[in-house]
Structures are given as structure tokens and as C-alpha cells.
Amino acid sequence: MNSMPGSKTRRVVFQPTAYRGMQRGINQIVEAIRPTLGPRPRVVAIDRTFDDKMPELLDNGGVIARRIIQLPGRGEDVGAMFIRDVLWRLREQAGDGTATAAVLFQSVYNEGVRYLAAGGNAMRLHSYLEKGMQVILDHLTDMTVHVAGKEKLAQIAESICYDPPLARMLGEIFDIIGECGRLEIRPGRSRGLEREYVEGMYWERGLVSREMITDRNRLRTELENAAILISDLEIEDPRQLLPAIALCIEANIRSLLIVAGKLSDGVIAFLLANKNPEKFQAIAVKTPGWGADEQAAALADLAVLTGGNPFVRMAGHTLSQIKLEDFGHARRVWADYLNFGIIGGQGNPRALREHIATLRASFDGTEEPVLREKLLKRIGKLLGGSATLWVGGATELEITERQELAKRTAAVMRGAIMEGVLPGGGVSLLACRPALQQKLDQSTDPDARAAYRILIKAVEAPIRTILTNAGYDASEIMAQINLAGPGYGFDVTSGQVVDMMQTGICDAATVQKSAVYAAVASAGLALTIDVLVHRTQQPEHATIRAPSKRKRL
Amino acid sequence: MVEETEILNIVYSLATSPDFERNGICFAARSSGLYRSEDGGLTWQDAYASLALEVPLTTVAVAVSPNFEADRSLFAGVPGGILRSVDGGQSWHVASFPPPPPVVSALVVSPNFARDGTLLAGTMEDGVFRSGDRGEHWSAWNFGLLDLNVLSMAISPDFANDETLFVGTESGIFRSTNGGRAWREVDFPSDFAPVLSLALSPTYADDGLLFVGTESCGLFRSDDRGHTWTRIGREAVTDAVNSILLSPEFPAKPDLLALLSDALLVSRDGGQSWLDWQAGLRPEQGMASVVAPRGLGPGAPLLVGLTDGGVLQI
């Protein structure tokens, strides 16, 4: 008796039915993703006939997994949802590597189930799999090399997106902006790709009044050698501004940018009434950032960049206390309806370095994606420039998909520049076999030996899949690769055994390591699942879902 | 032999024609303008004569095309921008810069200028400007350049392949490996800055050797492209290092010259030991710039720009 009826709404499933059900679900998901691994991926179509739409064509493992909402069998569904969650999380975290993780997971799980069916201990196997995973991660770290130069970066990009024009463009962009640089990827108006480099830093806050625009052709205002009043104050009365303006005029400062939390209509009218670019010109923008934390961060960045002191409402600052040294300064300031920017901020370069170092340390010290993204954005701003990539295409769908691809590739490239790259095409994982074999030879514990044997087989899975997907006989090519030695792999495009790094076939180290971690740790955990408990009736909240949203393989 | 020509004000920079040995053409950038000599620095003429200026135009930097014999191009850094001549200084064109006008402090020309037409200008407050069209148009490229006060620049002799440049600033050193489009900070302690002078080995692409002269912390040498640094000449080099020159055969012939404000030091062993090169200055004279058109070997001429406007030929 492998399963027994439970209460009215529960059904409990024991081994070996539980493993078999989960295995079927895991295999279905992995087999759906497997064709997408490698430089010659095949496409997976997601049926959308319930929505009267054409099928969605996908070649990204994480998205394919995400589209599979439910499988018919209950045990299958548990397995499928388990790996689906692992792959989607990996995609969110690393941006790539889901297909590699899928085939690794499948290999570890299937071999693990076989071993457990023969009497192995799941908990001990899990423990040894994690130890073996660390061997792989350490070996990958040893193999990691750092890359620079637009050609190398373009090669990395191409190994991620398989779109040579996009890869070349991203190679050039990242060579210039660096791993922390600010890159905006927007839909283009032409069919091709275009890029623009923007000097200085800018924030998403525009002028408080259109009347402050002086260049009507370009719809923006530019100030030279401007002073900058940095604050989040709510300025209700023009008289509050008078001390600041008087100081500027006394010091022969002819341009002033006012950054404030709020300016009343009266204050704006006062600034407009006294607009005289020949003698003194003041423009105003609102404090950048949403919420107190973001605004405080923006004020701190502006202050360091321009050498000013911020006036903060919460600290009780008022402009009546302002001194000349409180103003920031910049060679150029610009503002339009949407943004304002600073070029040549005249803050102390040493203080700027220390500020960036602090932000980098915070970035390295946190795993929280939203916080990391915010910190990266701040660092990028302070580094002195940004790039915009316009992604064009023939149709809106093409533009959207290519834009998404560009964003994903850019995210992975940042990681690759920060943490280095590894030989691609599955070669780096294959190179972990000797280290695992050594551990296997040193082990006497049957569960440990099983774990290392499972991992030795698993690290071969990605390269075998890549070769099969490209239409080659995996066993024959693997023999050639083994003969060629370490670092060599098979370039499926040229059909040659080559030195992968020299040929520029490489993977971002952070992605490979994340894929290994996600696959092995999760598969090991899945192997410890001994009993499944199913609901026999759909809970109410689940039955509300419209049938058209449910996808089946 | 020491000869001195009477011209006035600080000589900020000197440049010689690549074929100086044959034609004796050299230029002196100084507070009162740009001067040209066709006899190896014995006599000087106003290179801005065609501009008929009413007031002297301070010129801080001058650079000559490596292909000067053919293209006659030279460039002068002045407050507000760069002047460009394509006839050896007979006539001048103003290069366009985005406002506000920058103060150019250093100029370097690509060794591959004949093909790539690339020049870079370091400025005070505005960072680095780059031109890819022989100096006609310029745009700022300051990605990663955290200090925009550029005091010195050096370009790799193999720039055509490695696209490497260094800039010395008020607070450190930055390196570009993409032709000056983006910069990364070099691991040089900022306490030792400002960096007044930089020099790369003629075989930098192979040996990764560079020298750095600071305002108050002496002279430093790096053998690994700027990753690690060793202070050299600790006893001898105690003043601001305004300029560093290397022998064209360095490191095979490890001659090295350091120009301090009041002394000219030479090392024949790559910086291990130093000798005072007696320039024969009067007590009130200081040295501001130096150029060695034929290297640092015995008997090779050395032009030294003085703080009183004179140019010595040693």
C-alpha cells in the first residue's frame, strides 16, 4: 500500500510512489527546457489558444518553467512545482543558467532516486551532495579569470544572448561604463540598435515649471559654473530663499540650481519673476527619490559630488542658517521636464572615492536584490556617466523580446565583469571531475561515494546536452574533448575542438556557480522528501482561477 | 655647452619635431604664448604671429604630431580650448569644445596619429577630452574619472594595440585601456598625490613599466602596469617631480631623467642611483619643463624650459 486516503481533503503518498511521481514531474519540466541549452537552442512554444493568441516562443529555461502552472498528476505536479520554483528563483537572482541548472538537477535527482531505491540514506546523501557541491564551487572559483576589453566582453555577451550585433554593442558599452555603470535599455524607433553616452550624472526629477526652460529648441536649461542648493526642504515663502540668493549674488555666482522637497506656487512665481540669465538665474527641481530613505541617499550623493552640505527637513535645518560653503558647485548643470543632471561636480575627489567605496561595501555586503539594485544605481550615477541603449526591431513583439534579452544579458555581464568568467560550453563543470574523483577515491562511506559518483555524472550532463542539441554524437565528441585536455571543449558553431577561453567561449562565473548551487542543493533537498500530502479537493482560492490561465504540457 | 635664449615667462611645455635632428624644429609653450624655433632652440619666433593677438595668449601645453614632417600638425592647449595648426604653426584653427571653456593642462597625441587621428587633452576641472578627427572636434570622456583635475598624461607607445593611457590628477592616477573613453582608478595611494608627471617605458606593452612623479612624495616605479609601486630615489628626489624622461632604449639602456623645480637628476640604472645633472642655472632660475629629442645618451641635446621664460640647451 503506497498511498492511503486521509481526511476528506488530504491524501498521503508514501515511497516509492512519491519519488516516482515527483520524478515524472521534474523530468517533464527539464525535458521542456533541455532543448534551449547551448548556442544552438531550439524553441519551446507555449500554447495560448485559450487566450486566442499565437503561441509564445521561448528559449529561456526560467520563463518556460514559469509558464508551466500545473501538471495533471498530483505527484508530478509537486515535482514540477519544486523545480519550477528553483529555476525561477535562479533566473531572478542570476539572470541566466536555468537550463544548466535544470539538467544538473535532473541528473542528481534521478541518480539519487536510484541510489535511495537501492537502500541509501537520503539525509546522509544530501549532506554529502552538499560537500561535493562545495568541491565543485571551489574548483570553479580556482578556474575563474577576470576579463576586460570590448572584444572579450562582447564574447561573453554573445555566449549569453546569441545575438552578435547586440553582443558587440553591449561589449562596447560595458567596456566604457564598467560593471557598476548606469545603462538604460529602451525600445528604439529604428530597426537596429543605437547607443548614446551621457556625460555626468542625472536624476529622474525635472524642472518644477516649464517656464524655467531657456532653450526652447532642445527643451532644456543649462547653467554654467552653477551653485547648487541641496535640500529636501518645503519652501513655502519666497522670503525663505532670500538668504541663499543674497549669498550667491554677493559671491558673484550667476547660476543657481535649487533642489527642494517642495516649492510653493508663490516661490516658483518669485523665481520666474526674477529670471534674468544675463545677471542671475535660478532654476528648481524637486528632491530626487521616492520616500525618505531614497531622498536622503540622493541628498548625500549630491552633497559629495558637488561639495555642498544638504539641508534636511527632519534635522530642523532652515535656509536662514545658510553659508556660502553650504552650496555645492558644478561646471555644468542641466534640467528638462523629466530629469536634471550635473557635469563636473566640484566636490572633493577623495571624499567621492570614499563615498563610492562605502556604497560598494554595502553592495557586497547585502544579498537583498532590491537594495543591491538601488546601491548599484547610486554607484553608477557617481562614476561619471551613463549609457542608453535603444533596441529596435520590425515589430513591437520583436522589440519587446530583444529589449528583455538585452536587459538579461546586461545583468549577467555585470556579474561576469565583477566576478569573472569560466570556460563555456559546459567545459568548466567537466573540469571538476578530477577533483570529485579524488574525493571519491578518498571516501569509504557508501553514501559519500554515491554522492561523488552522482556529481561526477551530473557535471557531464550540461556538455552532453549542448552537444546533443547541436546535433552531434555526444559520446564521440566527449572522447575528443577528453583527449584534448583541460580547458578544451567543442565549439558547436565551427565543429572544432578548441581552447574555450582563447576562442572566447565563456560563461559568467557567478551564473555557473549559482546554477550549480541551485541545482545540487535543491536536488539534494528534493531527495529527502519521503512523503507527499495532497489535497483531495481544490481549496476555494484555487478554483477561482480562470481555466484559460492554466497551462498544461 | 649651455646657451640661453631670452624669452619671457614660465615655459610650461616643450615639444620637438620627430625629425628634430635634421630640421631643428621645436616649440615652447609659455605664459606669453607659443614660440617656435627652427635652429634647435637657439632663436625663437612667435608662433601666434598670424593671429595678431593684442594680449599674450598663455599656452600651457603643446604637442606635435608624430607624423609632423608629412602633416605639419601641432596643437596648443590654451585657456578655453585648443588651437590646431596643420602648417607647422603658420596659421591656427580653434577647436570646438562644449561650454564652459576648459583650461587645458596636458596634451597627448596618439603614436598612431597618422591613421587614427586621435588626441587627448587633460584639463583642470573638466577631466579628459578626446578627439578622433585630428583635433577638430572634442568631447569629454570621463567615465570612471573621479577626479577631474588632470595634471599629467602619458600614452602607451603601443597605443594602436593596447589603447592604454594614464592620467595623473590631484588625488591619484587613472588608467584607460580603451583609448581614453573610460577610466579606472590605479591602486596608487592617494596620500602620495598630486601626481605631476608620468612616463611609460618604450616597451610598456611587454614590460608594463611606468614611473610617476609626485608633488611632495617623490618618484615611484611600477613594474606591473600600476598594480604595485616602489618608491625610488628616496634620498635624491625630495622635491616636486615636474617631468620624467626615459631613454628611448629603456630598459635595455636604463637611463632616466627627473626634472625637479631646482634640479635635474639623472639615473643610469633605472632609478637605483642618481646624479645631479649640472644645468648651470642662476640662483633665481627654476626649471619647469624638459624635452630630450635624441634621448638621454652622452652628447644628446636637452632642452629645459625655465620659470623665467628662458630655454636652456644643454
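All of the numbers you see were taken from the coordinates with simple rules; none came from a lab. Everything numeric in this text was worked out from a predicted model, so none of it was measured. Because the Cβ atoms are built from the backbone with ideal geometry, glycine has one as well, and the counts that use them run over all protein chains shown.
Note down the net charge around B:W277, summing +1 for each Lys or Arg and -1 for each Asp or Glu among other residues with Cβ under 13 Å from its Cβ. That works out to -2. Extension gain, A:E236 to A:K262: 0.36 nm times the residue separation minus the Cα-Cα distance gives 8.6 nm.
In chain A, the longest principal axis of the Cα atoms and the axis of helix A:98-117 are about 30 degrees apart.
Database remark: amide H of B:A288 closer than 5 angstrom to the amide H of B:G305, B:L306, B:T307 (H placed geometrically; neighbours at sequence offset of 5 or more, or on other chains; Pro and chain starts carry no H). Taking all Cα pairs closer than 8 Å and separated by 6 or more residues, the relative contact order of the stretch B:161-260 comes to 20 percent.
Computing FRET efficiency as 1/(1 + (r/R0)^6) for B:N67 and A:Y337, where r is the C-beta to C-beta distance and R0 is 45 Å, gives about 0.40. Over what distance in Å are the Cα centres of the stretch A:319-380 and the stretch A:145-173 separated? So the separation of the two Cα centres works out to 29 Å. The modelled label-to-label distance for the pair B:D224/B:S261, using points 7 Å beyond Cα in the direction of Cβ, is 3.5 nm.
Measuring nothing but how far apart in sequence close Cα pairs (under 8 Å, 6+ apart) lie, relative to its length, chain A scores a relative contact order of 26 percent. If you plug the beta carbon distance of A:T214 and A:E184 into 1/(1 + (r/R0)^6) with R0 = 30 Å, you get a FRET efficiency near 0.70. For the pair A:E130 and A:V12, a Förster radius of 41 Å applied to the C-beta separation gives a FRET efficiency near 0.90, rounded to the nearest 0.05. If you sort the three axes of the alpha carbon gyration tensor as a ≥ b ≥ c, you get a/c under 1.5 for chain B, which makes it rounded. Debye calculation, C-alpha points only, no solvent: report log10 I(q)/I(0) for the protein assembly as shown at q = 0.07 Å⁻¹, in the same order as the q values. Debye intensities relative to I(0), on a log10 scale: -0.71.
To test your reading of the geometry: what angle, between 0 and 90 degrees and rounded to tens, separates the Cα axis of helix A:150-161 from the longest principal axis of chain A? Helix A:150-161 sits roughly 50 degrees off the main axis of chain A.
Over chain B, what is the mean sequence separation of C-alpha contacts under 8 Å (at least six apart), divided by residue count, expressed as relative contact order in percent? Result for chain B is 14 percent. Note on B:D162 and B:Q45: their simple-model spin labels are 4.0 nm apart, each label 7 Å out from Cα toward Cβ. I need the shape label for the stretch A:202-347. Rule: rounded when a/c is under 1.5, else prolate if a/b > b/c, else oblate, with a, b, c from the alpha carbon gyration tensor. Rounded is the answer for the stretch A:202-347, as its axis ratio a/c remains below 1.5.
Stretched out straight at 0.36 nm per residue, the stretch from B:R22 to B:D276 would grow longer than its current Cα-Cα span by 88.5 nm. With the Kirkwood sum run over all distinct C-alpha pairs, the stretch A:277-352 has a hydrodynamic radius of 13.6 Å. Relative to the longest principal axis of the Cα atoms of chain A, helix A:17-33 runs at roughly 50 degrees. Roughly how many whole Å is it from the C-alpha centroid of the stretch A:108-135 to that of the stretch B:38-74? So the two Cα centres are separated by 78 Å.
Taking each of A:K262/A:K381; A:K374/A:K457; A:K374/A:K513; A:K381/A:K513; A:K152/A:K286 in turn, the alpha-carbon distance tops 31 angstrom for A:K374/A:K457; A:K152/A:K286. The simple spin-label model puts a point 7 Å past each Cα toward its Cβ; for A:I529 and A:Q93 those points are separated by 1.8 nm.
For the stretch B:1-81, rounded, prolate or oblate, judged on the Cα gyration tensor with a ≥ b ≥ c (square roots of eigenvalues), a/c < 1.5 rounded, else prolate if a/b > b/c? It comes out oblate by the Cα gyration axes.
Take each residue in A:318-331, count the other chain C-beta atoms within 10 Å of its C-beta, and the mean is 1. Only one residue of A:L58, B:G179, A:F363 has its Cα farthest out toward the positive end of the dipole of the protein assembly as shown, where Lys and Arg carry +1 and Asp and Glu -1 on Cβ, and that residue is A:L58.
Using bins of 5 Å that start at zero, the share of Cα-Cα pairs per bin across the stretch B:60-195 amounts to 2, 12, 22, 24, 20, 12, 6, 2, 0, in whole %.
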